[in-house]
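> Would you mind keeping the following structure in view while I ask a few things?
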Amino acid sequence: MEKTEVLVKTIELSKVYGSGERQVHALKNINIEIFKGEVLAIVGPSGCGKTTLLNCLSGIDNPTSGDVYINGFNITEMNETEKTEFRGKYMGFIFQFYNLIPVLNAVENVEVPLLARNVPPKIARKKAMELLKAVNLGHRYRAYPEELSGGEQQRVAVARALISDPLIIWADEPTGALDTRTGSEIVELLINLNRMKGTSLVIVTHDERITRYADRVMYMDSGKIVSTVVLSNEPGVDRMVAGSLNPEESPDSMDGMPGNAREE
């Protein structure tokens, strides 16, 4: 890849649950780099360690050993307060089940991260409205989560993830609770926003169709990165052309990577 500026780097990252004979090695000495502005897909079967890796990369969970550097900062050396502040400033999150606050309407959900950082309410509201318009939900800003479809709720979640102008967005199975067509729309929205803002995007998924949108794909199994495939040397519109999900195509029907893919 031509993107050589490293945003995230791990050194011998490991995570072990339990002790003795009940030990589970969820992550095993992982060494990876994530570049600024790239779209990276991390793919693997359920239980392979994808979400554990995302949680350790973002500081939500603590690794058993190893280090995680983000923008030059070693987050494994931070205390919980420092990590929370760091996440609020530099990271955005998108979850499978949206994680919206039921008693807040769309615009209120979007502005929460800024209000938590003591940004003046008028400034937070203005930016939240701008982002809702960017995800084509400006007309639904007063709607509560229960009044929104799954796709609309995920659009609110995308806007919320972007409101702090993060360096990186972590998306954990962002299409998992959506039908194929709506899932495709959400991924295309994320890719468009990635291209416009230059925000790094890491998508954890078991759905290989999403890999068509990525610049690189890392495949996981049993707590390890078993291979990395480069899909684009010039990340951009070409990923959108190749990426559209066919609503009639099942995740298991793919017959391989695009012709320009190469393994690192």
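The values are calculated or read from the model by the stated rules, or taken from the named source; none is laboratory data. Being a predicted model, the structure only gives us computed values, none of them experimental. Note: ideal-geometry Cβ built from the backbone for every residue, glycine included; neighbour counts use all protein chains shown. Calculation scope for accessible area: heavy atoms of the full protein, side chains included, ligands and nucleic acids excluded. Shrake-Rupley method; radii C 1.70, N 1.55, O 1.52, S 1.80 Å.
> Let me check I've understood the local charge: for N29, count other residues with C-beta under 13 angstrom from its C-beta, Lys and Arg +1, Asp and Glu -1. What total comes out?
Surrounding charge for N29 is +1.
> At 1.4 Å probe size, with no ligands or nucleic acids counted, give the accessible surface of M129 in Å², nearest ten.
So the heavy atoms of M129 present about 40 Å² to solvent.
> Pulled fully out, how much extra length does the chain show between E12 and T228, if you take 0.36 nm times their separation in residues and subtract their Cα-Cα distance?
Extending this stretch completely gives an extra 76.1 nm.
> Then there's this: Return the carbon/sulfur percentage of the accessible area of the stretch 44-166, one whole number, probe 1.4 Å, all protein chains in place.
52 percent
> Keeping every protein chain in place, order M220, M196 by accessible area at 1.4 Å, biggest value first, i.e. largest first.
M196, M220
> Using θ = phi - 60° and the Karplus curve 6.51 cos²θ - 1.76 cosθ + 1.60, what whole-Hz ³J(HN,Hα) does each residue of the stretch 101-109 get, with Gly and Pro shown as x?
These are the phi-based 3J(HN,Hα) values: 8, x, 8, 10, 7, 4, 5, 5, 4 Hz.
> Ranked highest first by average number of other Cβ atoms within 10 Å, how do 212-218, 46-52, 20-26, 81-87 line up?
212-218, 46-52, 81-87, 20-26
> Exceeding 18 Å between C-alpha atoms, which entries from my cross-link table qualify? They are K36/K133; K36/K224; K9/K36; K83/K122; K122/K197; K50/K89.
Violating the 18 Å limit, Cα to Cα: K36/K133; K36/K224; K83/K122; K122/K197; K50/K89.
> Per residue, how much accessible area does the stretch 31-171 show when a 1.4 Å probe rolls over the protein heavy atoms, in square angstrom?
Value returned for the stretch 31-171: 45 Å² of accessible area per residue.
> Over all pairs of distinct alpha carbons, what does the Kirkwood formula give as the hydrodynamic radius of the stretch 113-187, in Å?
13.2 Å
> If you don't mind, there's one more thing I want to ask. What FRET efficiency do you get for H139 and N71 if R0 is 51 Å and r is their Cβ-Cβ distance, rounded to the nearest 0.05?
Efficiency for this residue pair is about 0.90.
> So if we plug the beta-carbon distance of N118 and N29 into 1/(1 + (r/R0)^6) with R0 = 35 Å, what FRET efficiency do we get, rounded to 0.05?
Efficiency, from the Cβ-Cβ distance: 0.30.
> Just one of (1) 137; (2) 110; (3) 125 is volume of the Cα convex hull per residue in Å³ as worked out from the coordinates here. Which one is it?
(1)
> Let me ask something else about it. Sort 103-111, 141-149 for me by packing, meaning the mean count of neighbouring Cβ atoms within 10 Å per residue, highest on top.
103-111, 141-149
> Next question, about the same structure. Kindly identify the stretch 47-169 as rounded, prolate or oblate by the Cα gyration tensor criterion: order the square roots of the eigenvalues as a ≥ b ≥ c, call it rounded if a/c is under 1.5, otherwise compare a/b with b/c, prolate if a/b is larger, else oblate.
Cα axes put the stretch 47-169 in the prolate bin.
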